[in-house]
1. So which pairs qualify, if the first residue must be in segment 235-257 and on the phi > 0 side of the Ramachandran plot, the second must be crowded, with 20+ Cβ neighbours inside 10 Å and assigned to a helix (DSSP H, G or I), the Cβ gap must be under 8 Å, and the two must be at least 6 apart or on different chains?
2. Quick one: which helices (runs of 4 or more DSSP H) sit completely within segment 211-299 and have at least 1 residues that are more than 30 Å from Phe52 (Cα to Cα), open to solvent by 40 Å² or more (accessible area, probe 1.4 Å) and at pLDDT below 85?
3. Give the residues of segment 26-60 that are in contact with a Ser or Thr (Cβ under 9 Å, 6 or more places away or on another chain) and of a type in the set (A, V, I, L, M, F, W, C), sorted by residue number.
4. Specify the residue that is modelled with the lowest pLDDT; the eligible residues are those in segment 306-315 that are surrounded by 13 or more Cβ atoms within 10 Å (Cβ to Cβ) and either of a type outside the set (A, V, I, L, M, F, W, C) or assigned to a helix (DSSP H, G or I) (or both).
5. What number of residues within segment 27-82 are among the aromatic types (Phe, Trp, Tyr) and more than 30 Å from Ala171 (Cα to Cα)?
6. If you check Val148 against the conditions, is it within 22 Å of the chain's Cα centre (by Cα), modelled with pLDDT under 90 and in a helix (DSSP H, G or I)?
7. Out of Gly82, Gly47, Gly75, which single residue is of a type outside the set (A, V, I, L, M) and open to solvent by 10 Å² or more (accessible area, probe 1.4 Å)?
8. Only residues in segment 194-214 that are of a type in the set (S, T, N, Q) count as the first member; pair them with residues that are assigned to a helix (DSSP H, G or I), Cβ under 6 angstrom, at least 6 apart or cross-chain, and list the lot.
Amino acid sequence: MLDLIVISTLNGVLFGMLLFLLSSGLTVIFSMMGVLNFAHASFYMLGAFFGFQLTKWIGFWPALVLAPLLVGAIGMAVERYGLRNTHRHGHVAELLLTFGLAFAIEEIVSMIWGRSPVDYRVPALLDFPAFTVFSTNYPAYKIFMLAVSIVIFVVLLIVLRRTRVGLIVQAALTHPHMVGHLGHNVGRVFMAVFGVGSALAGLAGVIAGPALVTQSDMAASLGPILFVVIVFGGLGSLPGAFIASLVIGLVQTFAVAINGSLASAFGPLDPAAGPSVLGDIWNVSVAQVAPIIPYLLLVVVLIVRPVGLMGTRES
């Protein structure tokens, strides 16, 4: 039992930090621009495939720098030539644009790299066990992923809360005309914010690609839970996204590891006590319902606190 708790905690924290690394860019974009980007997970997928291709050409470490920059450049182009033109038509037009863009990116990736998983491997420098817990080796690469996620959280928090750049960016959202009169190009500010958010998603893809499966449907597998994280934590709240990522990562990891059910806890259900469907539910294990637990948590949080754990924006 102790080894299950320790290993599940490590894996849960790691999964949570990966979710945060992915959701941080979307949180920054929404908090500064009010845009809920449905294509954000697609930028994550682009980062993974760009990282894979650049790793084959020039190695993992240069790819770790260049791939997020390429994804960030694509994000800036999307904001400049897409979202900026649809912004005047409201949030529905922005959502539809990013929704269609997500499908377009997935098809383009499938055309170039195919639908089968690619051979994106952990770099040799980090391909060794960092430590051993209860006869289980814990990879050094996962520790690297955890460290990068923590560094990104600290840097973002400092930049947004303690620097002049963060002040200008936040002011550009609420008082764009005043910021413009002070000599700042508001359009470029928004473009830069969207580019940084997209680059963070690309960075998450480069780092997660070797640890997870890199294939053309990876955006669809992580996209829904990404929105659970940012709504659960509070739209636009970076600390909220951090806490929500850890909570969801730990809850889902522990749920997957638990095979218990109502039948194992209270004994088998008498067939005469109810219909057969009730018996089926009685025998369902926690591991079987683990994928829907984050969404159940989301529903509860929205009922109790619609703005999320630490959110302040109503729209």
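1. Short answer, once both residue conditions are applied: Gly236/Thr27; Gly236/Phe30; Gly236/Ser31.
2. The qualifying helices (runs of 4 or more DSSP H) are 262-266, 276-282, 286-289.
3. Result: Ile29, Val35, Leu36, Phe38, Ala39, Ala41, Phe43, Met45, Leu46, Ala48, Phe49, Phe52.
4. Within segment 306-315, the subset surrounded by 13 or more Cβ atoms within 10 Å (Cβ to Cβ) is 307-311, 313.
Okay, now just the ones that are also either of a type outside the set (A, V, I, L, M, F, W, C) or assigned to a helix (DSSP H, G or I) (or both), so 308, 311, 313.
Values: Gly308: 84, Gly311: 71, Arg313: 53.
Here the answer is Arg313.
5. Here is the first cut: in segment 27-82, the ones among the aromatic types (Phe, Trp, Tyr) are 30, 38, 43-44, 49-50, 52, 57, 60-61, 81.
If we keep only those that are more than 30 Å from Ala171 (Cα to Cα) as well, we get 49-50, 52, 57, 60-61.
Matching residues across segment 27-82 total 6.
6. No: the conditions fail for Val148.
7. Gly82
8. Hits for this filter: Ser198/Phe43; Ser198/Val71; Ser198/Gly72; Ser198/Gly75; Thr214/Ala48; Thr214/Phe52.
The values are calculated or read from the model by the stated rules, or taken from the named source; none is laboratory data. Not measured: the values here are computed from a predicted model. For neighbour counting, all protein chains shown are included, and Cβ atoms are generated from backbone atoms with ideal geometry for every residue, glycine included. These accessible areas exclude ligands, DNA and RNA; they are computed on the full protein's heavy atoms, side chains included. Shrake-Rupley method; radii C 1.70, N 1.55, O 1.52, S 1.80 Å.
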